[in-house]
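This report refers to the structure that appears directly beneath it.
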Amino acid sequence: MSSLHKSRIAEFQDVLGDPKIVLQKLRELCFSGIPFDGGLRCLCWKILLNYLPVEKALWSTLLKKQRELYSQFLKEMIIQPGIAKANLGVSREDVTLEDHPLNPNPDSRWNTYFKDNEVLLQIDKDVRRLYPDMAFFQRPTDYPCLLILDPQNEFETLRKRVEQTTLKSQTVARNRSGVTNVSSPLKTSAPNSLSEYEVLPNGCEAHWEVVERILFIYAKLNPGIAYVQGMNEIVGPLYYTFATDPNGDWKEHAEADTFFCFTNLMAEIRDNFIKSLDDSQCGITYKMEKVYSTLKEKDVELYLKLQEQNIKPQFFAFRWLTLLLSQEFLLPDVIRIWDSLFADDNRFDFLLLVCCAMLTLIRDQLLEGDFTLNMRLLQDYPISDVHLILKKAKELQDSK
């Protein structure tokens, strides 16, 4: 370990060592990248995403309360419906019209159950595709959810629900136009059927199954938005970071901690996923136009070239902004970009500058290329050095 790296770790430890952490100091440090060592990144992200307060004395009580709350969510939204499904038909004389799966009432428990299945199938399909070039999400977690996997339990788990349902995931229409319509070169195609995945022995669950559970609970608690394709790409890097924490005490609770950090992050970016808000000032269209207006200010020649070729920001910036660049780069690089995004005072203003930097760094190719060539460049971004991109974005920020 270099002396520079050691001194950087010491700086973080110094700021995090205060009984009341000075958030501005922490932001400034995190903006330039957070070391993985000693679980520093995991801890900093939890503070930056407003999961942990700056007063360290409050941490243990808050964490205990939140993790217990998450266990309660599991019981209410997965275990209890699973028990009800498993018991259906055990005592037929007790089944009332209200309890019956064929009850036509749209508010009935079973109608809700079947609607949930549609959402679950879409989540299942998407989480199995998470970073297929990495083995991590297919591997078993060291900390399977004992509430769910206890062999004494005889209820329908999410895994069983997916295996047993005959619904087609194509019936779910809650996808955002453009989020997944252009495949990234970094994402290889995932296997198509459940049978193509390695079946883990009883008592084990893969990391992707944990992510599935997080997204399902989120969808249940947020019916207004539920689940939209692309959310899997937001929760993936968060969960990976927390589930690889070198500190075992934190790592054990990666699922609950990821859920609350993901919920907080979604509270800030959820408008990107709500189609009815697209054209509002908080919607994705406004943000895409902001990328172009920033480009016009920084590089008018390039801006005019893209306008002349009728290359609209919707063709590429939709995915960049909605998914926080998570499909454009390899996972370690995405995590490094997110260090800076989470540390941004005006949350995600810096993302607009990163997108602008990505354009200006390939300006020569864009100025020379025709529409087809330029579209290919923008949808399959050629530069992999995120440090260069972040440096350029910072220069654009400082030149205001």
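The values are calculated or read from the model by the stated rules, or taken from the named source; none is laboratory data. The model shown is predicted, which means the values in this text are computed figures rather than measured ones. Cβ coordinates were reconstructed from backbone atoms using ideal geometry, including for glycine residues, and neighbour counts include every protein chain displayed. Only protein heavy atoms, including side chains, enter the accessible area calculation; ligands, DNA and RNA are left aside. Shrake-Rupley method; radii C 1.70, N 1.55, O 1.52, S 1.80 Å.
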Any chance you could count how many residues in segment 368-382 are within 23 Å of the chain's Cα centre (by Cα) and either open to solvent by less than 40 Å² (accessible area, probe 1.4 Å) or acidic (Asp, Glu) (or both)? 3
Check MET288 against each of (1) surrounded by fewer than 21 Cβ atoms within 10 Å (Cβ to Cβ); (2) assigned to a helix (DSSP H, G or I) and name the one condition it does not meet. (1)
So is LEU388 in contact with a helix residue (DSSP H, G or I) (Cβ under 7 Å, 6 or more places away or on another chain), farther than 17 Å from GLU297 by Cβ, open to solvent by 30 Å² or more (accessible area, probe 1.4 Å) and not small (Gly, Ala, Ser) or not? no
Taking LYS400 as the residue in question, decide whether it is basic (Lys, Arg) and modelled with pLDDT of 95 or more. no
Restricting the search to segment 1-26, which residues are surrounded by 15 or more Cβ atoms within 10 Å (Cβ to Cβ) and either in contact with a His (Cβ under 9 Å, 6 or more places away or on another chain) or of a type in the set (Ser, Thr, Tyr) (or both)? none
When segment 391-400 is examined, which residues are found to be surrounded by fewer than 17 Cβ atoms within 10 Å (Cβ to Cβ) and either of a type in the set (Gly, Ala, Ser) or in contact (Cβ under 8 Å) with a residue 60 or more places away in the chain (or both)? SER399
Those residues that are in contact with a helix residue (DSSP H, G or I) (Cβ under 7 Å, 6 or more places away or on another chain) and in a helix (DSSP H, G or I), I need them from segment 307-327; list them, please. PRO313, GLN314, PHE315, ALA317, PHE318, TRP320, LEU321, THR322
Mind checking whether some residue in segment 328-339 is basic (Lys, Arg), in a helix (DSSP H, G or I) and closer than 26 Å to ARG129 by Cβ? yes
Applying the selection to segment 1-27, what residues are outside any helix (DSSP H, G or I), under 23 Å from THR244 (Cβ atoms) and not aliphatic (A, V, I, L, M)? SER2
Members of segment 231-254 that are in a loop (DSSP other than H, G, I, E, B) and either open to solvent by 10 Å² or more (accessible area, probe 1.4 Å) or touching a Ser or Thr at 6+ places or on another chain (Cβ under 6 Å) (or both): THR244, PRO246, ASN247, GLU252, HIS253
Count of residues meeting criterion [hydroxyl-bearing (Ser, Thr, Tyr) and at pLDDT 95 or above] in segment 183-225: 1
Give segment 119-177 a look and list any residue that's at pLDDT below 80 and under 19 Å from the mean Cα position of the chain (by Cα), or say none. ARG174, ASN175, ARG176, SER177
Confirm whether GLY39 is closer than 23 Å to PRO237 by Cβ, touching a His at 6+ places or on another chain (Cβ under 9 Å) and in contact (Cβ under 8 Å) with a residue 40 or more places away in the chain. no
All positions within segment 341-367 that are of a type in the set (Gly, Ala, Ser) and surrounded by fewer than 20 Cβ atoms within 10 Å (Cβ to Cβ): none
Going by the structure shown, is ASP299 closer than 30 Å to GLU209 by Cα, in contact (Cβ under 8 Å) with a residue 40 or more places away in the chain and open to solvent by less than 50 Å² (accessible area, probe 1.4 Å)? no
